Amino acid sequence: MNMKTIESVDFQGKKVLVRCDFNVPLNKDRQITDDTRIRECLPTINKLLKDGAAVILMSHLGRPAGTGFEEEFSLAPVADYLKKTLSCPVHFHQDAFTEETVKAAQELRPGEVLLLENLRFIKGETKGDETFASYLAKLGDAYVNDAFGAAHRAHSSTAVIAKFFPNDKYFGYLMANEITNLEKLLHGAEHPFTAVIGGAKVSSKIDVLKNLADKVDSLIIGGGMAYTFIKAMGGSIGDSLVEDDKLATACEIVEDFKRKNVKLYLPSDTLCADKFDNDANRKVMPTHAISSGWMGMDIGPDTIKEFSEVINASKSVLWNGPLGVFEMENFSEGTLQIGRCIGQVTERGGYTAVGGGDSVAAANKLGLAKSLSYVSTGGGAMLEYLEGKTLPGVAAIAE
Ligand code: AMP
């Protein structure tokens, strides 16, 4: 891939448009509850400022209707955060992308930052409207994409805009780091390579599993999606989560892995509950013989041992999806133990990666993120990359 990054370019005197992913979680008082996404963009912003560029930041936040300003989705909390964090003047422009915004961009001086309002206040943004993309493009003379979390969207600011900068479009540090790590996982991982896939549903992971069949030596399946596989193979799963319309697909996946000599590991025992509640009664049962009235909520103690042995013998591990209902303390043990075991692979010099969907939330909640080689900032974007898809935000710069 043609990796045009900001690293080797001097942006002195340039007005640089940077697409970030500032789609941060906010509480009811509109305070930022997790600033990871903003922090991860700071190296790119600081490099541009250090070069002497004027930096125009663009982002979306949530899913507004696209009919103009909505207080609930304003980027004002992000502007406050940047004002406190950056040691330079930060202007926030709440104007709805009119001539006023153009004027503010024109007046922006080197070493200063201008944050635009939520791009999704304009309907054209999510439709990939070319007129909106060209309006944004006129604000700057170089374009940097650092929004990996939105790279799977062909929106005006994430992909379409790049065509207006044929010679001045670059990946920011965050994007470059994500791509380097994902390429390493998919095309340069040391073997034995194990994928640990959990989470709620098989349906959201089918394409990831199919693409990984050619890459990994072992596949560990946990979480709610395991029960669809167990049922497809003739097991009784009680009231566990199941997707009955995916039983045939599960069988196909099992056959495909067999054909490709990939070892498949499913949980042998399961910690069950008599209701979907942290305080439910609990009982460990064989995963293929869960009594009716009980549902599988976490992997059992034998499974933790079996999965750990496979992970311990690996040089590369990809982890996507919790192994159980980790949000409930009584059912978080499996995810915690397996996460710790993956962390030990990193300590021994192996390569470990986590991302996609809820995985990073699980790794953060259980304090595991620091022990892994690579934590992706992209939920859907990481999953689509793992599916082998070309992300529009990446293609627009790499082409
Ligand atoms: P995903 O976004 O597909 O990675 O799924 C994450 C969700 O899967 C989390 O909210 C977990 O609570 C849920 N999950 C994991 N294991 C189970 C299970 N055994 N039964 C129901 N939900 C589960």
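Structure values in brief
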{"quantity": "Identity of the residue in the range 204-225, more than 11 Å from the ligand (Cβ to nearest atom) and part of a loop (DSSP other than H, G, I, E, B), that ends up surrounded by the most Cβ atoms within 10 Å (Cβ to Cβ)", "calculated": "216"}
{"quantity": "Counted residues, the range 230-266 - those being closer than 24 Å to residue 191 by Cβ and not in a strand (DSSP E or B)", "calculated": "11"}
{"quantity": "Any helices (runs of 4 or more DSSP H) falling wholly within the range 98-187 and containing at least 2 residues that are open to solvent by less than 10 Å² (accessible area, probe 1.4 Å)", "calculated": "99-107, 130-137, 173-187"}
{"quantity": "Failed criterion for residue 191 (all others in (1) touching a residue at least 60 places away in the same chain (Cβ under 8 Å); (2) within 20 Å of residue 376 (Cα to Cα) hold)", "calculated": "(2)"}
{"quantity": "Any hit, the range 227-239, residues being open to solvent by less than 60 Å² (accessible area, probe 1.4 Å) and free of Cβ contacts under 8 Å to residues at least 24 places away in the same chain", "calculated": "yes"}
{"quantity": "Selection within the range 264-319 - out of contact with any strand residue (DSSP E or B) (no Cβ under 9 Å at 6 or more places or on another chain), under 25 Å from residue 354 (Cβ atoms) and within 13 Å of the ligand (Cβ to nearest atom)", "calculated": "278"}
{"quantity": "Residues of the range 299-324 satisfying the condition of being out of contact with any Asp or Glu (no Cβ under 6 Å at 6 or more places or on another chain) and either without any contact (Cβ under 8 Å) to a residue 60 or more places away in the chain or farther than 23 Å from residue 360 by Cβ (or both)", "calculated": "301, 304, 305, 306, 308, 309, 312, 313"}
{"quantity": "Only listed residue being hydroxyl-bearing (Ser, Thr, Tyr) and closer than 21 Å to residue 374 by Cβ, chosen from 36, 67", "calculated": "36"}
{"quantity": "Check on residue 200, within 16 Å of the ligand (Cβ to nearest atom), part of a strand (DSSP E or B) and on the phi < 0 side of the Ramachandran plot", "calculated": "no"}
{"quantity": "Cβ-Cβ under 9 Å pairs, at least 6 apart or on other chains, the range 367-395 side at positive phi, far side of a type in the set (D, E, K, R) and surrounded by fewer than 22 Cβ atoms within 10 Å (Cβ to Cβ)", "calculated": "388/207; 388/210"}
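The values are calculated or read from the model by the stated rules, or taken from the named source; none is laboratory data. Note that the structure is predicted; figures quoted are calculated from it, not measured. FYI the Cβ positions are ideal-geometry reconstructions off the backbone, even for glycines, and counts take in every protein chain you see. Please note that ligands, DNA and RNA were not included when accessible areas were found on the heavy atoms of the full protein model with its side chains. Shrake-Rupley method; radii C 1.70, N 1.55, O 1.52, S 1.80 Å.
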